[in-house]
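These notes are about the structure you will find just below.
The values are calculated or read from the model by the stated rules, or taken from the named source; none is laboratory data. Computed from a predicted model, the values in this text were never measured in an experiment. Positions of Cβ are generated from backbone atoms using ideal geometry, with glycine treated the same way; all protein chains shown enter the neighbour counts. For the accessible areas, the whole protein counts, side chains as well, though only heavy atoms, and no ligand, DNA or RNA atoms are used. Shrake-Rupley method; radii C 1.70, N 1.55, O 1.52, S 1.80 Å.
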Amino acid sequence: MQAAVAAGHPATTAAGIEILADGGSAADAAVAACLASCVAETVMTGLLGGGHAIYFDAASGRARNLDCFVAVPGLGAEAREPELLHLEVPFGAELVHYAVGPASCGVPGLPAGLVALWEAHGCLPWRRLVEPALQLAREGVEFPPAHAACLAMLAPVMTMNEGADLYAPGGTLLGAGERLVQPGLVVALEALADDPRSVYGGSLAAELLALCEERGGLVTPEDLDAYEALWSQPVAVPYLDGRLLTRAGLSGVPETVPRLPLLAGLTETERVLALVHVLEAPGTGSGDTTNVSVLDADGSACVLTTSLGLGSGDFLPGLDLHLNSMLGEADLVRGRLEPGRRMESMMAPTLTFDGDGLSLAAGAAGGTRLRTALLGVIAGILDEGLPPADAVGRPRFHPAGELVNAEPGVDEVALEQLEARGRTVRRWPARHHYFGGVSAVSRTGTAADPRRNGEATTLRHVG
């Protein structure tokens, strides 16, 4: 397998490749790429969000999961019902209900996770890993078409409060090919470069707490002080002639993999019909999330998936940092929210192994469509033998109850058979980021999702 990076934006991928070329490990490259995504992909993710990772250390042969998802806030404070702003956002053909506002912000986990990755498996200085993101923040970054389309959908939230100046300068939404300029991120990233824990006990923490105090947010000093990223053992399940490592959680990936049918040799009609019942999933959440997959020259791998949710609509003044909105994400709120506890997540960064070792590192964005997108790609590469770019780019479908959503190009005979069996098929007019965003590095190549304007690059192609 070639050292490579696959991610949701060309600038994100370039940051990871730059660090690999400088001798960095998979952890170093994943950290740098993720920080770059917090500049280049701010309609999908951000530093005040959360994530999940899986890391494989080639030297020891050990794989571990890392939980740096957001925690429920409110430690040290009197319990109160959060005051949320409710709105409906058009998402393709559907109106999706969201709740935002400062009280929707959970305790950020991503900064702690990046530090944990670096401390456990990094080899370059911390400040070096921040440099690519800092450069992007100083110069601004090109806004790709998929991100512009996402912004148009999310404009009611992204242009609230301080966001209006960032995403609608002069009163007009940024369009594809324009430059996203976020000068406050230079200040924020400089603070992070100087103090990796600045979100929890430094200048960034002070700004976050001040905004929460002013606007009715729930995050407390005790929340920030108590937060830590957590390492754990991955869930391993058999797949084909090897095993698949991922995490338990709302995605249901470990439960679904044993039920995946063998696809090699099936017609396209047979493939769609064989998968549609296995990949049933409820919910319609948008999945404003991104993923980076990295393999380094020593054979170590890291997959890191991150998100802000929709975003609360509040930005730290002068720092251009968007607060997460995880407490307003209906698909993630399960049971009573107890301060200090981790929130649930559908993220499922994944590694696969066979008799020759690591064969694939992949992850996906997409909320409730994450499992459909990720497992469809993994099966395409490992079972059907497709080149990764073909597996990622292939038209997708997503079953949700009696409704089957389908991109253009999904086998029409299969869709007509599903309709004859009583299903409703919604045929989307174009490829859409609703259907998830997968990035994968495999033994047979790399790929990043065109639905998110992603890019994949191998180290050998540099220079």
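Quick check on packing: order 221-234, 110-123 by the mean number of other C-beta atoms within 10 Å, highest mean leading. Walk me through the numbers before you get to the answer.
Details: 221-234: 17.1, 110-123: 22.0.
By packing density, highest mean first, the sequence is 110-123, 221-234.
Helical runs assigned H by DSSP (4 residues or longer) give the chain a calculated mean residue ellipticity at 222 nm of -9500 deg cm²/dmol, each run adding -39500 (n - 2.57) before division by the residue total. Sort out for me the Cα centre separation of segment 39-113 from segment 204-233, rounded to whole Å. Segment 39-113 and segment 204-233 have Cα centres spaced 12 Å from each other.
Hey, what's the chain come to in accessible area per residue, 1.4 Å probe, Å²?
Numbers: 16330 Å² over 463 residues.
Here the per-residue accessible area is 35 Å².
With a cut-off of at most 11 other beta carbons within 10 Å, and DSSP calling the residue loop, which trypsin sites (Lys or Arg not before Pro) in segment 243-275 qualify? Please list them.
Values: sites: ARG243, ARG247, ARG259, ARG271; in loops: ARG247.
Listed in order of number, the matching sites amount to none.
If both residues of a DSSP beta bridge must be in the chain, then about 95% of such bridges are antiparallel.
Gain on full extension, evaluated as 0.36 nm per residue between ARG215 and ARG460 minus their Cα-Cα distance, stands at 83.3 nm. Taking each residue as 0.36 nm, the span from HIS86 to ARG179 lengthens on full extension beyond its C-alpha to C-alpha distance by 30.5 nm.
Along its principal axes, segment 214-262 has C-alpha extents of 56, 22, 10 angstrom, given from the largest down.
Rounded to the nearest whole Hz, the Karplus-based 3J(HN,Hα) values (6.51 cos²θ - 1.76 cosθ + 1.60, θ = phi - 60°) of segment 432-437 follow the sequence 9, 6, 3, 7, x, x, with x at glycine and proline.
Sort 210-220, 363-373, 431-441 by the packing proxy (mean of other Cβ within 10 Å over each peptide's residues), most packed first.
Numbers: 210-220: 18.5, 363-373: 28.5, 431-441: 26.8.
Highest mean packing first, the order is 363-373, 431-441, 210-220.
Annotation: the chain has a Kirkwood hydrodynamic radius of 21.7 angstrom, from the mean reciprocal C-alpha pair distance. The alpha carbons of segment 218-365 give a radius of gyration and a Dmax of 18.5, 57 Å, in that order. Please give the residues of segment 57-76, grouped as numeric ranges, whose backbone N is less than 18 Å from a label point set 7 Å along the Cα-to-Cβ vector of TRP231. Once the point is set 7 Å along Cα→Cβ of TRP231, 57-69 turn out to lie under 18 Å by backbone N, inside segment 57-76. Label-to-label distance, ALA206 versus GLU268, with points set 7 angstrom from Cα along the beta-carbon direction: 6.0 nm.
Over all Cα atoms in segment 80-198, the spread is summed up by Rg and Dmax: 17.2, 47 Å. Among 190-199, 448-457, 27-36, sorting by the average number of other beta carbon atoms lying within 10 angstrom of each residue, highest first, gives 27-36, 448-457, 190-199.
Looking at segment 296-421, what % of the alpha carbon pairs are farther apart than 18 Å?
The answer is 68 percent, as a whole percent.
For segment 406-463, with all protein chains present and a 1.4 Å probe, just round the carbon and sulfur fraction of the accessible area to a whole percent. About 48 percent, which is the carbon plus sulfur part of the accessible surface.
What's the carbon and sulfur percent of segment 225-303's accessible surface, probe 1.4 angstrom, rounded to a whole number? Ligands and nucleic acids excluded, carbon and sulfur give 54 percent. The heavy atoms of HIS277 offer some 100 square angstrom of accessible surface to a 1.4 angstrom probe.
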